[in-house]
Amino acid sequence: MVKLSINGLLVEVPEGTTILDAAKKLNFRIPVLCHHDDLCVAGNCRVCVVEQLGGKALLAACATPVAEGMQILTNSLKVRTARKHVIELLLSEHNADCTKCYKNGNCELQDLSNEFSVGDHILLDLIKHKDYTIDRFSPSIQKDDSKCIRCQRCVRTCEQLQGVNALCVAFKGAEQKISTFYNHSMAEVICTNCGQCINRCPTGALVERTYLDEVWDAILDPEKHVVVQTAPAVRVGLGEDLGLVPGERVTGKMVAALKRLGFDAVLDTDFTADLTIMEEGTELLTRLKKALVDKDKNVALPMTTSCSPGWVKFIEHTFPEFLPNVSTCKSPQQMFGALAKTYYAQTRELDPKKIVTVSIMPCTAKKYEADRPEMRSSGFKDVDYVITTRELARMVRQAGIDFTLLKEDKFDKLMGKSTGAGVIFGATGGVMEAALRTAYEIITGREVPFENLNIMPVRGFEGIRQASVKIEGCLEDWKFLEGVELKCAVAHGLSNARELMQAVKDGKINVHFIEIMACPGGCLGGGGQPIPTNQEIREKRAAAIYSEDMNLPLRKSHENPEVQLLYREFLGEPLGHKSHELLHTHYKERERF
Amino acid sequence: MSKIPVQRVDLIFEKITCKEIFEKVLQSKPEEIIQSVIDSGLKGRGGAGFPTGLKWQFAAREKGADKYIVCNADEGEPGTFKDREILDEVPEKVFCGMAIASLAIGAKIGYIYLRGEYKFLVPKLENKLAEFQQLMQDLGHDFRIELRLGSGAYICGEESALFESIEGRRGEPRNKPPYPTKSGLFHKPTCINNVETLVYTVMIQKYGAMHFRELGTKDSRGSKVFSVSGDTPTAGIYELELGMSVREFVDVFGDGDTKAVQVGGAAGFCVPRKRFDETIIGFEGVPTGGSMKLFNSSRSMYNVLHNYLDFFAEESCGQCTPCRVGCQQLLKGIEAVKKGEKSHKYLDELVKLAATMKIAAKCGLGQSVGNAFSSIVENFKEEIIY
């Protein structure tokens, strides 16, 4: 333990603690900009500088470990002057047109400049000497260098958390900027559109491409029938942007709000999550049968999930040799879109031309996914608009709805019903758990041998997790699996995904089924979720997801009555002809540069 | 006022046989080598002036088999060109210094990080390195030196940015602590010394610590190689005893009309004529990595400052706010004052900003921009404004 004093108060902390964390212990908040709990230390922005008595230079509190006997001042004259200078310097290089900024009201730089009353700042405006353009080419991410403060959170996110390296630092001095390979647009580089950079950007330099006006136009067009679907993770994050604390389940309130916004039908992506399990589970069993019974050497195993569009684009760029291993199932969002303009239209006797499908996603990569040319199997663009959890919160505010006071409501029928298995898609390990609940029961006729159906080994936040289930007592059709140890692996965050796939490639990990989610924590930590997102918040959202699962009467995808109805009345059987047409897709190899 | 006249010294460029010295050093214990360097009072010749012996001692005390010796040959400070000459004239002495350091701290690999613009030295250095490698083999000392080239970024002369560059990443300074002796190149204990410093360690082994210690002053022991440029009839490289005053220096090197001397390059201090007598060139006065630039009365100090700031605004790595934006503000700020767009009082604001840069920037570069700025603005305010 190390003893030191901060602003005259004594504190004792473990060796290696930063001054920032030691101060937190004494309830002194030191402002930060480049620091983020999820990322490695940078010490770039210098807004957290503190004074050490007797020291010449100030210290970056986020980057400096405590030392015995240190006497730290967090609010001395020297510190205040320097801190104010730093904020002024940042503002002088920042397009501070706040009232027109998408992040107005949710900007860390704005907050700090307000806190330090930098109203009378006198430094020269440097923006006019620079030539900035806004990159709007990506359907998911908008990058505006004029608002960038070079904290490099995005670069560290892209490099360390995601292992993608689409964003990098280029040039030096006055010309230094956050750029991409050869300064190509975000649409032309290896960006997976995961949006983790957006979630960590302290300003408006990186934001989602927003489609709010298009959605409003559709809602307010009496000719259009606007169907909305909501992803599992939205219901455990949305409240944070509307005045509630992290970890509150707001499913009922969210449905009520969507109805008040004027959507014609409020349906659930969880429904197609259940459907995904039927299709993907069957696909896995088919592959296993081909491998074990037919001894087909060409069958690609392990099979990996395909519901995370960030992961799909990542593997297309990074491990194209594994593309045959990716499940051909579309993501739940795209299954929903394809069915909305076919099955739903047919059943509700609607003209699919007049249906507009909107999805609310915790994700920015979903915007890109909806735009993929393969995603038009209904004959139309299957999903018209994708908006993030954050954008939905904005719509709710725009409509003047007091979210906290809303009475809970229920999803509409037909593609609105879901089971707990669909809900847990929102957490890392959830797809695996849902798949095992169903697959095990199909094979053996019995429930998975875990207490309360909770398959704990696949849950949690460890980057890469492995688990196995021994299959015993198979039903007649599945005898070939008798005694097989079904092995699976789960990874979340693309750095972990890369590590896992490399291990598979090197033969170090040998499993049948792999679940990968591009974002840390899975969709609940998605790039479209409320800002801030950090480990503490992810854990609260995960707890909410699992409690939602526990509270639902049905918790296995194959028991979803609406899914059963769908197969009976429309699709026939999993992996049937119609499924192939509407619910499955293909991938393409993409270049790395 | 200093009593020591400008005294020429010949240690750095003296032709010697490294083999003899190294054979002698091989007989010594690491602690003895380190003690001799400590006793000599040698401080780093790159400009920062950290006691070399202590640096070696810290690195030697670190546990672990993987340690590195790095020779900082990224000589980028404007007005400094002595390392080029040393590497050109006596490269084997530089290698020998690295080998001595490797004995002292227990390293097996050394790197020379050579300024990109000195690429022309590479064939010669490689030849000499081959000979040196043979010598190491013959003497049975397991030590290898590799050459790495910079690409023209000034910031890569900063030790931790230099490590990043060798490791293949963008050259940006790291947070300190940890210091290089604890976690340096490849995050292993590393001893990084300037070219000239390493050569002095060889000469200390040859002539003994006392010989070196007798030169110079209490705070600035020994001699130093100076790069003299600007308005002088005798520009060039001179090895001089430390401790002289700027006046004594100007008397020898000036053109009779010297109004200011920039000591230590763009990151150094501007000494105006009125302070020539009282200012000692050394760690008790103005330290220098070797750059001595003389300006006579025909020079506009506005242009001098503008030039330096232009340099910094381009050569800041851009990582930390005070340096990246501060340099631009200082540059645009003096332009605005000159053009009358800002009142002369704005200079006071800029001096305050420079003071913040000095204490809040992440590395030595950003922290030293304020030196040149404040010393020129304070002494030549009229020239900046009018």
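Among the residues making up segment A:360-385, those that are under 19 Å from A:Thr585 (Cα atoms) and buried (at least 24 other Cβ atoms within 10 Å of the Cβ) are A:Ala365, A:Lys366, A:Lys367, A:Tyr368, A:Glu369, A:Ala370, A:Asp382, A:Val383. Report whether or not A:Thr64 is hydroxyl-bearing (Ser, Thr, Tyr), in contact (Cβ under 8 Å) with a residue 12 or more places away in the chain and crowded, with 21+ Cβ neighbours inside 10 Å. Answer is yes for this residue. In segment A:67-83, the residue that is surrounded by the most Cβ atoms within 10 Å (Cβ to Cβ) out of those that are of a type in the set (A, V, I, L, M, F, W, C), under 17 Å from A:Phe116 (Cβ atoms) and facing chain B (nearest Cβ under 10 Å) is A:Ala82.
If the condition is being in a loop (DSSP other than H, G, I, E, B) and either modelled with pLDDT of 95 or more or within 13 Å of chain B (Cβ to nearest Cβ) (or both), then segment A:121-146 contributes A:His121, A:Ile122, A:Leu123, A:Leu124, A:Asp125, A:Leu126, A:Lys130, A:Arg136, A:Phe137, A:Ser138, A:Pro139, A:Ser140. Checking each residue in segment A:353-406 for being touching a residue at least 60 places away in the same chain (Cβ under 8 Å), more than 22 Å from A:Asp264 (Cβ to Cβ), over 21 Å from the mean Cα position of the chain (by Cα) and in a helix (DSSP H, G or I) picks out only A:Thr404. Among the criteria (1) under 19 Å from the mean Cα position of the chain (by Cα); (2) among the β-branched types (Val, Ile, Thr); (3) not in a helix (DSSP H, G or I), the one A:Val299 does not fulfil is (1). Residues that are touching a residue at least 60 places away in the same chain (Cβ under 8 Å) and among the basic types (Lys, Arg): does segment B:192-207 have at least one? Yes: segment B:192-207 contains one or more residues that are touching a residue at least 60 places away in the same chain (Cβ under 8 Å) and among the basic types (Lys, Arg).
Would you confirm, using the coordinates I've provided, whether A:Leu90 is within 30 Å of B:Ala336 (Cα to Cα), in a loop (DSSP other than H, G, I, E, B) and within 13 Å of chain B (Cβ to nearest Cβ)? For A:Leu90, the condition - within 30 Å of B:Ala336 (Cα to Cα), in a loop (DSSP other than H, G, I, E, B) and within 13 Å of chain B (Cβ to nearest Cβ) - is not met. Would you call A:Glu408 at negative phi, touching a Lys or Arg at 6+ places or on another chain (Cβ under 8 Å) and surrounded by fewer than 17 Cβ atoms within 10 Å (Cβ to Cβ)? Considered against the rule, which asks whether it is at negative phi, touching a Lys or Arg at 6+ places or on another chain (Cβ under 8 Å) and surrounded by fewer than 17 Cβ atoms within 10 Å (Cβ to Cβ), A:Glu408 comes out as yes. When A:Val86, A:Val49 are screened for being closer than 27 Å to A:Ala174 by Cβ, in the same structural domain as A:Lys25 (by TED's automatic domain parsing) and buried (at least 17 other Cβ atoms within 10 Å of the Cβ), only A:Val49 passes. Residues of segment A:512-537 that are surrounded by 24 or more Cβ atoms within 10 Å (Cβ to Cβ) and among the β-branched types (Val, Ile, Thr): A:Ile514, A:Ile516, A:Thr533. Criterion applied to A:Glu188, A:Glu115 was being under 27 Å from A:Asp384 (Cα atoms) and outside the structural domain of A:Arg46 (by TED's automatic domain parsing), and the one residue passing it is A:Glu188. When residues in segment B:9-67 are screened for being over 18 Å from B:Gly290 (Cβ atoms), in a helix (DSSP H, G or I) and not acidic (Asp, Glu), 24 of them pass.
Is it true that B:Ala361 is within 22 Å of the chain's Cα centre (by Cα), modelled with pLDDT of 95 or more, small (Gly, Ala, Ser) and crowded, with 24+ Cβ neighbours inside 10 Å? Against the criterion (within 22 Å of the chain's Cα centre (by Cα), modelled with pLDDT of 95 or more, small (Gly, Ala, Ser) and crowded, with 24+ Cβ neighbours inside 10 Å), B:Ala361 qualifies.
To keep it simple, each residue is scored yes or no on (1) charged (D, E, K, R); (2) more than 30 Å from A:Lys341 (Cβ to Cβ); (3) within 14 Å of another protein chain (Cβ to nearest Cβ).
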| residue | (1), (2), (3) |
| --- | --- |
| A:Arg153 | yes, yes, yes |
| A:Glu159 | yes, yes, yes |
| A:Lys177 | yes, yes, yes |
| A:Cys191 | no, no, no |
| A:Cys194 | no, no, no |
| A:Cys197 | no, yes, no |
| A:Thr210 | no, no, no |
| A:Asp217 | yes, no, no |
| A:Pro222 | no, no, no |
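Just to verify a result, which residue in segment B:116-153, among those that are among the aromatic types (Phe, Trp, Tyr) and surrounded by 15 or more Cβ atoms within 10 Å (Cβ to Cβ), is nearest to B:Ile105 (Cα to Cα)? The residue in question is B:Phe143.
The values are calculated or read from the model by the stated rules, or taken from the named source; none is laboratory data. Only a predicted model underlies this, so the values are computations on that prediction, with no experimental measurement involved. Here Cβ is always computed from backbone atoms with ideal geometry, including for glycine, and neighbour counts include all displayed protein chains.
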